[in-house]
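> Take a look at the following structure, please.
The values are calculated or read from the model by the stated rules, or taken from the named source; none is laboratory data. Predicted model, so just to flag it, every value in this text is computed and none were measured. With ideal geometry, Cβ positions are generated from the backbone for all residues, glycine too; neighbour counts draw on all protein chains shown. For accessibility, only protein heavy atoms count, side chains too; no ligands or nucleic acids. Shrake-Rupley method; radii C 1.70, N 1.55, O 1.52, S 1.80 Å.
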Number of protein chains: 2
Amino acid sequence: MVKKNQSRIALYALTFLLFVFLSISVSAAPDEGMWTFDNPPTKQLQEKYGFTPTQEWLDHVRLASVRFNDGGSGSFISRNGLVLTNHHVAMGQLQKMSTADKNYVATGFYAATQAEEAKCPDLELNVLYAMENVTTRVLSVVKKGMNEEAALKAREAEIAKIEQEFKDKTGLTCEVVSLYRGGEYWAYQYKRYTDVRLVMAPERQIAFWGGDDDNFTYPRYDLDMAFFRVYENDKPVEVEHYLKINAKGATDGELVFVSGHPGGTNRLNTYDQLVFQRDVQYPMLLNMINKRLEILRDYAKQGPEQERRALGQIFGLENGKKAQSGEYQGLLDPKLMKKAKQDEDAFRQKINANSEWKKEYAGAWDVISKVTAEQSKIARERFYQRMATNSRFYNIARQIVFYVAEIKKPDIERLDGYHESQLEQLRFYLFSPAPIYKDMDEATMKGMMQLALNELGPNDPYLKIVLGGRTPAEVTKEMQAGTKLDDVNLRKSLIEGGEAAVAQSTDPFIVLARKLEPLQRKQIEDDKKNFQSVATPASEKIAQARFAVYGKNSYPDATFTLRLSYGAVKGYPMNGTKAPYKTTLYGLYDRSLGFDQQGAYALPQRFWDRKDQLDLTTPVNFVSTHDIIGGNSGSPVINKNAELVGLIFDGNIESLVGRFVYDDTANRAVSVHSAFIIEGLRKLYDAGKLAEELGY
Amino acid sequence: MVKKNQSRIALYALTFLLFVFLSISVSAAPDEGMWTFDNPPTKQLQEKYGFTPTQEWLDHVRLASVRFNDGGSGSFISRNGLVLTNHHVAMGQLQKMSTADKNYVATGFYAATQAEEAKCPDLELNVLYAMENVTTRVLSVVKKGMNEEAALKAREAEIAKIEQEFKDKTGLTCEVVSLYRGGEYWAYQYKRYTDVRLVMAPERQIAFWGGDDDNFTYPRYDLDMAFFRVYENDKPVEVEHYLKINAKGATDGELVFVSGHPGGTNRLNTYDQLVFQRDVQYPMLLNMINKRLEILRDYAKQGPEQERRALGQIFGLENGKKAQSGEYQGLLDPKLMKKAKQDEDAFRQKINANSEWKKEYAGAWDVISKVTAEQSKIARERFYQRMATNSRFYNIARQIVFYVAEIKKPDIERLDGYHESQLEQLRFYLFSPAPIYKDMDEATMKGMMQLALNELGPNDPYLKIVLGGRTPAEVTKEMQAGTKLDDVNLRKSLIEGGEAAVAQSTDPFIVLARKLEPLQRKQIEDDKKNFQSVATPASEKIAQARFAVYGKNSYPDATFTLRLSYGAVKGYPMNGTKAPYKTTLYGLYDRSLGFDQQGAYALPQRFWDRKDQLDLTTPVNFVSTHDIIGGNSGSPVINKNAELVGLIFDGNIESLVGRFVYDDTANRAVSVHSAFIIEGLRKLYDAGKLAEELGY
């Protein structure tokens, strides 16, 4: 599954530890690249496929593409604001909307009328309405002679200013995105939708058919889809740009496109950064995931309701584990590392061969190398300190504590995340009515605190504050018993009451967040000073060096912003033979029977009851050469006429190394075929009205 | 496909170059081993599966098992001499029985009445009627003080004597087999059947469905079966021991057995021998296969009849290429080689730790090492010299020339293959009425002669004789134009006319065989003196050392003699997920449609026409943990009641390394499910009468 990793902790750890150096990737291999819409790969498309998308085509596709802010992609598929994404992207909302008695994850959901469409507690969708290159403006504030810290500060302030200006001018939410690691800065302006309602989702049994075993593999047989509708003023929005479904799908070898939001790649990390990831980061991350999985599986064993509650997190962790294990295997492959070294050496030789370039750029690698070495020293400590307060309640408390302090400052001096233009989104998250299960939060908090204690020992300054001489079990039990943060009104009153209210709060999570605040602020300061302010200009240099040597026909590393990938529907060599370009309903029954219909290979009863009505030749899933990664889940696959022919939901096991390198031999994106979507709606889910809305 | 490699040249090269050191394998890993019927793995079976086969069970299974002398296995499945094997084992005969107008390979064959059953031109089946341990007798002839050459001669003479004695006594064909590399010698006594008639074979399209791509892989969907009937005195033989088919098949995890004839393994080659294979033998073998394939594919392109003629050989070569590439990859895997070295070191340390063992055995490895080094020096020369006369006509001519010379000697002095007890078989092969296509023989002969010339240069003594100063094209053209050896009567008259007739023959192949005879005899002499006579006692020592250290609970390397393997029906981890234990008819249609029914994934029209009559839940193929290898093709898979539940036809890609090491993680044997055999006969091939004979 290629959903952007949902574990906030994992994401936090990743960005924190790595500074995710976004670097330019040189396009060379066929069908490679996650291209920004301002710079589509027209040359490659024309040369290889004889097709050049018009500006109109690009605008249409962009405006029909939707970002799911909790970690995925989607698209408008009807004039009336209907949005298609993956079931596993919808999972978070489905979990939050379900209860012990009304389990949409297990039973599926279908609103036969608009009145029945169910509002999601905290789903935000974004559409990229406009983009503007603000590179000159951002870079111009860094004046000659400024020291590194001052330069970083000036840049951050200017970015905050730009974001606010755009918001004031257009009413759109603006995010300044650093592409090519500061090679370019763009103001991305989004239309935000926060009234999103669930329309249809099949049972998870068929959406995630084959379970964790089949995840990230192919041949595959999943109906991984879900439908939402976007509302404004309590009415469905009417959208001009939406993708028409073409239920014929795409033929073998056909050129198709993927428009979506790849979460992150590290294609051109320096060699030293790759070594750091391999030797420090991945082992730690996998250790944490394994521990969390153990805790949640134990929790889930307590009963069916616990199992239901933990399902989403367990899925996220299993998904992350499989993805990151695949990435880690890539880094452990001496061939990959050797190639990375050779590529970097060749690049640096070219720089050194030109005296001007040499003077300007050659030193940057050593700077990155030094920063990475410094990061290595504190990486473990920082990572496991975060694990010590691994709780939904704590996250909320920490954000409240920082919120009330930050908003008192002038906007340009605030920490990122607390700028005026960002507060609406933050409050939307903080005031979510989604349930937090105390017993589950207690289980994970306690277990992860214990992990931190085991790893860092009791004398760690962060842990000392957290534990105060007691055991993780004692601390956790008391805090969970004492907190009232599950009450959204309490959160609101704290935010509204400001610093005074927060200072007076006796809620144990607020108390702890207050105690930790000084240490955390110190760490943020230290990191800016020691790492970010040094690494940012060095990475910029490397990016500029790439522009100088390889020109501009390239794409930036993924940043969970909108990208266009191109490629062909195409099978691949697998396990001694060939994987077919598509699978059919016949294969679904075959694989189910091949495992005696056990476990994740059991089929929903309706698949047996209605088998004879189904056209078993209907394509189920297909593969294509597209360069995608986690975050692309739910992306539409579209043909040259911008018709939707498929729905991205996974990458094969060979694609996982794609975080570092793209190789089209066996790297494949896996999609739900449009024909299966329609066949499913009509013949399995009695959702004819929905099929009609899609033109079928 | 696990058929024993049919390429006589490849086999010849293998045995010639390697002396296939048959050594003991220590049973450790689960379900490992190709066990002789005198020494079944009763301990392992009892411990792991709680089952101990009775002597009656063993005798019954042995007497129902059939060896196909052209390279496969099979079993009696009805009282009336009906034999089941793989279609690809039957391929050779089907090719020989087909013509441009009557292509059984393409159309399939079914004899609705016994009168229609079609006699095979040169198919010989063997049943292992009796076994007797003759170790003492063979070893006793080697007297103290004999030099190595004399010892080898004495041993060979005694073996020839034993074979003749058993034949005289029982009328059965006797082969003295060296097991555990001379650790034991057994007189295997076979009932020979040479009147074998074809009863039924489906189209190759479904028998070899998925073609070379799917060969040696799984999940799989092949109906790789063929039926023959054994006749004596123009009547079907009545057999007491045959396997009843159980069309329910076996369940997931069920204990089942495979009784068949694995061709050859090299499980306990010394490390030096593995290095020799890796660095010398496999590159050479694969080079030859690629060249031959190129030649035959070019030939096949000339037209449909040429394509038909070349099909069998192309299949054999592609099959061999895929198998040997997999084996070669195993040797190129540093882990495998490291393990082989460690195992050998540990073994030798145990020997060295015991002063008696050390004195007796420790020197043997150095002897093998030295012989292998010597072999390496001449390996290329010998290998490509054989390639220079790569022709069916030449093979016949050479055997005729040697035949008339050898039979004049006392039996015990003859070369192996020309002993009195072996002549009947040799004549059966020499006088086969099977067609030899001159244009195809010319194409391969010319191409391989050119390969030999390229590799060895024109001054090679063998090539000098072959070419006589002319080009391969000239030589080949003239010889093929001049020969009359396609006339079986000419062959008979030469054999009957003896040395005088052969000496007077002007047939160009006989002339060439006469010219090459002195050089070949010299080479055979040299090899016996330099290699065999030295290596044989050294290998015996290592075998005895293994008995001493590890005891007797072990199985010998495969020798194309009857073996029993045990194991469970079981899926395995594959490409990031799990392979199911079985496939069904649903999957066949899925995979066909997944490739748009193109090429080897097209289905015979009857599969579409009769789809609605078929029960698509019928299992098609299944996998099990059995330790098998080429030669096992056509082996019955039987349950504890000795009922046939499947038909071995392949190993998966992970099993290819099994030539050197067995690892049950992913090593799987692939079988046709008994249910598909019956469903196919009844509903697809209108062979109800045959199904009835099988009890269905």
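> Could you list, in sequence order, all residues of segment A:596-614 that are within 11 Å of chain B (Cβ to nearest Cβ) and in contact (Cβ under 8 Å) with a residue 40 or more places away in the chain?
A:GLY599, A:ALA600, A:TYR601
> With the structure loaded, tell me whether B:ASP663 is surrounded by fewer than 24 Cβ atoms within 10 Å (Cβ to Cβ), of a type in the set (D, E, K, R) and touching a residue at least 60 places away in the same chain (Cβ under 8 Å) or whether it fails that test.
On the way: surrounded by fewer than 24 Cβ atoms within 10 Å (Cβ to Cβ): yes; of a type in the set (D, E, K, R): yes; touching a residue at least 60 places away in the same chain (Cβ under 8 Å): yes.
Considered against the rule, which asks whether it is surrounded by fewer than 24 Cβ atoms within 10 Å (Cβ to Cβ), of a type in the set (D, E, K, R) and touching a residue at least 60 places away in the same chain (Cβ under 8 Å), B:ASP663 comes out as yes.
> Looking only at segment B:462-478, which residues are open to solvent by 70 Å² or more (accessible area, probe 1.4 Å) and in a helix (DSSP H, G or I)?
First, pick out the residues of segment B:462-478 that are open to solvent by 70 Å² or more (accessible area, probe 1.4 Å): B:464, B:469-470, B:474, B:477-478.
Hits for segment B:462-478 are B:LYS464, B:GLU474, B:LYS477, B:GLU478.
> Counting only residues that are under 19 Å from the mean Cα position of the chain (by Cα) and open to solvent by less than 10 Å² (accessible area, probe 1.4 Å), how many does segment B:68-88 have? Don't jump to the end; show me each part of the working.
Let us first name the residues in segment B:68-88 that are under 19 Å from the mean Cα position of the chain (by Cα), namely B:68-75, B:83-88.
With the extra rule that they be open to solvent by less than 10 Å² (accessible area, probe 1.4 Å), the set shrinks to B:68, B:71-75, B:83-88.
Residues meeting the conditions: 12.
> Every residue in segment A:312-345 that is within 23 Å of A:ASN632 (Cβ to Cβ), away from every other protein chain (no Cβ under 14 Å) and either surrounded by fewer than 18 Cβ atoms within 10 Å (Cβ to Cβ) or of a type in the set (A, V, I, L, M) (or both), please.
A:ILE314, A:LEU317, A:LEU331, A:LEU336
> Taking the conditions exactly as written (open to solvent by 40 Å² or more (accessible area, probe 1.4 Å), of a type in the set (S, T, N, Q) and not in a loop (DSSP other than H, G, I, E, B)), does A:THR99 satisfy them or not? Lay out the reasoning, then the answer.
On the way: open to solvent by 40 Å² or more (accessible area, probe 1.4 Å): yes; of a type in the set (S, T, N, Q): yes; not in a loop (DSSP other than H, G, I, E, B): no.
So A:THR99 does not fit the description; no.
> Still on this structure, please answer the following. Small (Gly, Ala, Ser) and buried (at least 19 other Cβ atoms within 10 Å of the Cβ): is that true of B:ALA443 in this structure?
Details: small (Gly, Ala, Ser): yes; buried (at least 19 other Cβ atoms within 10 Å of the Cβ): yes.
For B:ALA443, the condition - small (Gly, Ala, Ser) and buried (at least 19 other Cβ atoms within 10 Å of the Cβ) - is met.
> Just to be sure I understand, how many residues within segment B:289-336 are within 23 Å of the chain's Cα centre (by Cα), of a type in the set (A, V, I, L, M) and closer than 24 Å to B:ASN652 by Cα?
7
> Name the residues in segment B:179-206 that are part of a loop (DSSP other than H, G, I, E, B) and at pLDDT below 95, would you?
Within segment B:179-206, just B:GLY183 meets the criteria.
> Of the numbered conditions (1) touching a residue at least 12 places away in the same chain (Cβ under 8 Å); (2) within 11 Å of chain B (Cβ to nearest Cβ), A:LEU593 satisfies every one except a single condition; which is it?
Of the numbered conditions (1) touching a residue at least 12 places away in the same chain (Cβ under 8 Å); (2) within 11 Å of chain B (Cβ to nearest Cβ), the odd one out for A:LEU593 is (1).
> Shifting gears a bit: Among the residues of segment A:522-537, is there at least one that is assigned to a helix (DSSP H, G or I), open to solvent by 60 Å² or more (accessible area, probe 1.4 Å) and under 19 Å from A:ILE465 (Cα atoms)?
Yes: one or more hits.
> I would also like to ask the following. Check segment A:394-408 and report whether any residue there is within 23 Å of A:ILE495 (Cβ to Cβ) and of a type in the set (S, T, N, Q). Show your work before the answer.
Initial filter on segment A:394-408 (within 23 Å of A:ILE495 (Cβ to Cβ)): A:394-408.
Next, only the ones that are of a type in the set (S, T, N, Q) stay: A:395, A:399.
Among the residues of segment A:394-408, at least one is within 23 Å of A:ILE495 (Cβ to Cβ) and of a type in the set (S, T, N, Q), which makes the answer yes.
> Mind listing whichever residues of segment A:556-575 are touching a residue at least 12 places away in the same chain (Cβ under 8 Å), assigned to a loop (DSSP other than H, G, I, E, B) and within 8 Å of another protein chain (Cβ to nearest Cβ)? Can you show your working first?
Quick first cut of segment A:556-575, residues touching a residue at least 12 places away in the same chain (Cβ under 8 Å) only: A:556-574.
Filter once more, keeping what is assigned to a loop (DSSP other than H, G, I, E, B): A:557-562, A:570-571.
A:GLY571, the sole residue that qualifies.
> Would you mind finding the one in A:SER355, A:SER421, A:SER391, A:SER376 that is open to solvent by 40 Å² or more (accessible area, probe 1.4 Å) and touching a Phe, Trp or Tyr at 6+ places or on another chain (Cβ under 9 Å)?
Numbers: A:SER355 fails: touching a Phe, Trp or Tyr at 6+ places or on another chain (Cβ under 9 Å); A:SER421 fails: open to solvent by 40 Å² or more (accessible area, probe 1.4 Å); A:SER391 fails: open to solvent by 40 Å² or more (accessible area, probe 1.4 Å).
Only one candidate qualifies: A:SER376.
> Let me ask you something else. Which of (1) under 26 Å from A:THR107 (Cβ atoms); (2) open to solvent by 40 Å² or more (accessible area, probe 1.4 Å); (3) facing another protein chain (nearest Cβ under 7 Å); (4) in contact (Cβ under 8 Å) with a residue 12 or more places away in the chain does A:THR583 not meet, given it meets every other one?
Of (1) under 26 Å from A:THR107 (Cβ atoms); (2) open to solvent by 40 Å² or more (accessible area, probe 1.4 Å); (3) facing another protein chain (nearest Cβ under 7 Å); (4) in contact (Cβ under 8 Å) with a residue 12 or more places away in the chain, only one is false for A:THR583: (2).
> OK, next. Just need a number here: residues in segment A:544-555 that are among the charged types (D, E, K, R) and either within 14 Å of chain B (Cβ to nearest Cβ) or without any contact (Cβ under 8 Å) to a residue 60 or more places away in the chain (or both).
First, pick out the residues of segment A:544-555 that are among the charged types (D, E, K, R): A:546, A:552.
Then keep just the ones that are either within 14 Å of chain B (Cβ to nearest Cβ) or without any contact (Cβ under 8 Å) to a residue 60 or more places away in the chain (or both); that gives none.
The qualifying residues number 0.
> Also, I was wondering about something else. Give me the residue from segment B:666-696 that is within 26 Å of the chain's Cα centre (by Cα) and not hydrophobic (A, V, I, L, M, F, W, C) and, out of that set, surrounded by the most Cβ atoms within 10 Å (Cβ to Cβ).
B:SER671
> Now for a separate question. Which of the residues spanning segment A:619-660 are away from every other protein chain (no Cβ under 14 Å), open to solvent by 10 Å² or more (accessible area, probe 1.4 Å) and out of contact with any Leu (no Cβ under 8 Å at 6 or more places or on another chain)?
A:ILE628, A:ILE629, A:GLY630, A:ASN641, A:ARG659
> Which members of segment A:105-129 meet the condition of being more than 24 Å from A:GLY646 (Cα to Cα), touching a strand residue (DSSP E or B) at 6+ places or on another chain (Cβ under 9 Å) and open to solvent by 30 Å² or more (accessible area, probe 1.4 Å)?
Those that are more than 24 Å from A:GLY646 (Cα to Cα), touching a strand residue (DSSP E or B) at 6+ places or on another chain (Cβ under 9 Å) and open to solvent by 30 Å² or more (accessible area, probe 1.4 Å): A:GLN114, A:GLU116, A:LYS119.
> For segment A:102-148, what are the residues that are among the hydroxyl-bearing types (Ser, Thr, Tyr) and part of a helix (DSSP H, G or I)? Even if it seems obvious, please write down each step before you answer.
Quick first cut of segment A:102-148, residues among the hydroxyl-bearing types (Ser, Thr, Tyr) only: A:104, A:107, A:110, A:113, A:129, A:135-136, A:140.
Matches in segment A:102-148: A:TYR104, A:THR107, A:THR135, A:THR136, A:SER140.
> Of the residues A:GLY74, A:GLY81, which is touching an Asp or Glu at 6+ places or on another chain (Cβ under 9 Å), closer than 23 Å to A:VAL230 by Cβ and at pLDDT 95 or above? Working first, answer last.
Numbers: A:GLY74 fails: touching an Asp or Glu at 6+ places or on another chain (Cβ under 9 Å).
Criteria check complete, one pass: A:GLY81.
> Same structure again: Any chance you could count how many residues in segment B:207-252 are among the aromatic types (Phe, Trp, Tyr), within 12 Å of chain A (Cβ to nearest Cβ) and open to solvent by 10 Å² or more (accessible area, probe 1.4 Å)?
Total satisfying the criteria: 1.
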